[in-house]
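Trainee: Quick one: the structure is below, questions incoming.
The values are calculated or read from the model by the stated rules, or taken from the named source; none is laboratory data. Since we're looking at a predicted model, the values are computed, not measured. Here the Cβ positions follow ideal geometry from the backbone for every residue, glycine too, while neighbour counts run over all protein chains shown.
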Amino acid sequence: MNRPDPEPTSRDAAPRQEPAVDRMPVDSNLIRSAGYDLPSCILEIEFAESGRVYEYFDVPLSVYTEFLEADSKGQYFNEFIKDLYAYQEAE
């Protein structure tokens with residue numbers, strides 16, 4: 001006897017959720033805040049002038065740590081993050 005496929009449960013139908021990244025303010029003219037999600041290796045950057053938030057993918061924890069320790073967050077971002085990692089504007 002052929003049984004129809006069971007109806008999807010709410011667990012099966014749940015949309016994929018992006019990680020919630022807690023950003024903290026940083027001392028920078030270019031960058032207002034930054035945060036890092038360890039399980040997904042996503043670096044989230046909020047820019048000071050526009051207020052836009054971008055997610056940078058597959059960023060190693062060491063890069064985030066060096067970014068936080070950098071004397072100039074903007075210079076570190078421009079040299080070691082910008083254009084080196086895939087990114088998208090956060091929704």
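Trainee: What are the pairs with Cβ atoms under 6 angstrom where one residue, in region 69-91, is more than 19 Å from Pro25 (Cα to Cα) and among the aliphatic types (A, V, I, L, M) and the other, located anywhere, is modelled with pLDDT of 95 or more and part of a loop (DSSP other than H, G, I, E, B)? Sequence gap at least six, or different chains.
Mentor: Between residues of region 69-91 that are more than 19 Å from Pro25 (Cα to Cα) and among the aliphatic types (A, V, I, L, M) and residues that are modelled with pLDDT of 95 or more and part of a loop (DSSP other than H, G, I, E, B), the close pairs are Ala86/Phe57.
Trainee: Quick one: how many residues across region 30-53 are on the phi > 0 side of the Ramachandran plot and more than 12 Å from the chain's Cα centre (by Cα)? Working first, answer last.
Mentor: We begin by selecting, within region 30-53, every residue on the phi > 0 side of the Ramachandran plot; these are 41, 51.
Then keep just the ones that are more than 12 Å from the chain's Cα centre (by Cα); that gives 51.
Residues that pass the stated criteria total 1.
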